[in-house]
Amino acid sequence: MDYLKFLTEMTTIPGMSGYEASVAEAMAGAFAPYCDETKVDRNQSVIAVQRGSGKGPKVMLCAHIDEVGLMTTLVEEDGSVRFISRGVAAQTLPAQEVTLLTKDGPLYGVIGAMPPHLTDRAARDQVTPVDELFIDTGLPADEVRRRVPAGTPVQLTGRTMALENDLVASKTLDDRACVATLLHCAQQIRRRLHAADVYYVLSAREEIDSFGALTAAERLSPDMAVIIDVTHGTMPGCEEGETYPLDCTTLFAGPNAHRKLTDQIRAHAQRLGMKTQIEVAPGNSYTDAWEVQVAGLGVPCAIMSLPLKYMHTTVEIGSVELMRKQALLMCEAVCALDEGWEETLCY
């Protein structure tokens, strides 16, 4: 699988939480050749199915397709557009290129801020709050007000770049890098005999409430689920235990993760020679697993993460090599499930 090509295409498609229709359609098209059934549900999540022999469990593999972004609030007298953030830190916003997703089509703009020459010395080294930033489209105020009503979603702009050491930098690797991993997994499972029915859930709204994953789990009633998301990659200035090496898969330990299922996945990783590390979450994992776990009568969940540098920016960095390894890991773990699968869930 060409990860760079897939990410270059898919990270440019708009999909802010609650507005995933475009990216959902594209993702459904990508999975359709490898699955027996693919559809976009009413919540803009994609559900793709690979049928097994019928002697195994129903397995849900989940990664989210929504992205962080901005939303407009009002237009100033000079046509500048004010906005609120939906998951983007204020310090990353000045000088960003953005796309306002209007009903008339994309409208391009830049985020401006007061230049240092016009601010007092004390304010120059401070982060400019979001409510002091604005988007400039170049249009007169009347035209902006017509085209950009309050509540217009705004997508950040950032290109996908191949870096040294098989790393990639891009916007929206959270979580479309993990969707790429699931697609590669689906391609491999398609060539294998397997007992399990595999449901790939590409969920909407993870960044705000995990509603897409919850409703999909309620509908599917899976026997088990693996949630694939991102975590923080090693960066200077972070406390020990806050970040993880970019070449190391993390697996959650805590009440949101099923211990035996997690142990099974870690054992497969060891057999494949993959590095793993336990990520401790004493409560909410802040992934789709928090909602999937309590869907229906309850779903045993494992949580596997891909470390990223600079999360929720337009230059998130992750390892393509690790994405490939995680795809193989999921393939091997799913194909190993047979008639005795319930032992996997016995503590």
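The values are calculated or read from the model by the stated rules, or taken from the named source; none is laboratory data. Everything numeric here is computed off the predicted structure, so don't read it as measured data. With ideal geometry, Cβ positions are generated from the backbone for all residues, glycine too; neighbour counts draw on all protein chains shown.
One line per residue, one yes/no per condition, for (1) outside any helix (DSSP H, G or I); (2) in the same structural domain as Ala267 (by TED's automatic domain parsing); (3) touching a His at 6+ places or on another chain (Cβ under 6 Å); (4) closer than 20 Å to Ala32 by Cα:
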{"residue": "Ala186", "(1), (2), (3), (4)": "no, yes, no, yes"}
{"residue": "Leu193", "(1), (2), (3), (4)": "yes, yes, no, yes"}
{"residue": "Glu218", "(1), (2), (3), (4)": "no, yes, no, no"}
{"residue": "Asp229", "(1), (2), (3), (4)": "yes, yes, no, no"}
{"residue": "Cys238", "(1), (2), (3), (4)": "yes, yes, no, no"}
{"residue": "Leu246", "(1), (2), (3), (4)": "yes, yes, no, no"}
Worksheet item: Between residues in the range 328-347 that are outside the structural domain of Ala269 (by TED's automatic domain parsing) and at positive phi and residues that are loosely packed, with under 14 Cβ neighbours inside 10 Å and of a type in the set (Phe, Trp, Tyr), which pairs lie under 7 Å by C-beta distance while being six or more apart or on different chains?
Response: none
Item to complete: Within the range 276-306, count every residue that is within 19 Å of Met330 (Cβ to Cβ) and in contact with an Asp or Glu (Cβ under 6 Å, 6 or more places away or on another chain).
Response: 3
Worksheet item: Assuming Ala225 fulfils every condition listed in (1) aliphatic (A, V, I, L, M); (2) over 21 Å from the mean Cα position of the chain (by Cα); (3) buried (at least 21 other Cβ atoms within 10 Å of the Cβ) apart from one, which condition is it?
Response: (2)
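Results for (1) loosely packed, with under 14 Cβ neighbours inside 10 Å; (2) in a helix (DSSP H, G or I), shown as yes or no for each residue.
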{"residue": "Leu100", "(1), (2)": "no, no"}
{"residue": "Tyr108", "(1), (2)": "yes, no"}
{"residue": "His117", "(1), (2)": "yes, yes"}
{"residue": "Ala122", "(1), (2)": "yes, yes"}
{"residue": "Asp131", "(1), (2)": "yes, yes"}
{"residue": "Ile135", "(1), (2)": "no, no"}
{"residue": "Leu139", "(1), (2)": "no, no"}
{"residue": "Glu143", "(1), (2)": "no, yes"}
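Any residue at all in the range 293-306 that is in a strand (DSSP E or B) and farther than 14 Å from Met60 by Cα? Write out each step before concluding.
Taking the range 293-306 and keeping what is in a strand (DSSP E or B), we get 301-306.
Adding the requirement that they be farther than 14 Å from Met60 by Cα leaves 305-306.
Yes: one or more hits.
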Fill in: Selected residue (only one of Pro255, Pro222 is more than 20 Å from Ile47 (Cα to Cα) and either in contact with a strand residue (DSSP E or B) (Cβ under 7 Å, 6 or more places away or on another chain) or not assigned by TED's automatic domain parsing to the domain that holds Val88 (or both))
Pro255
Practice prompt. Only one of these is modelled with pLDDT of 95 or more, part of a loop (DSSP other than H, G, I, E, B), in the same structural domain as Gln293 (by TED's automatic domain parsing) and hydroxyl-bearing (Ser, Thr, Tyr): Thr8, Thr12. Name it.
Written response: Thr12
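Take Ala150 and decide whether it is farther than 30 Å from Thr8 by Cβ, touching a residue at least 24 places away in the same chain (Cβ under 8 Å) and in the same structural domain as Ile84 (by TED's automatic domain parsing).
Details: farther than 30 Å from Thr8 by Cβ: yes; touching a residue at least 24 places away in the same chain (Cβ under 8 Å): yes; in the same structural domain as Ile84 (by TED's automatic domain parsing): yes.
Spelling it out, Ala150 is indeed farther than 30 Å from Thr8 by Cβ, touching a residue at least 24 places away in the same chain (Cβ under 8 Å) and in the same structural domain as Ile84 (by TED's automatic domain parsing).
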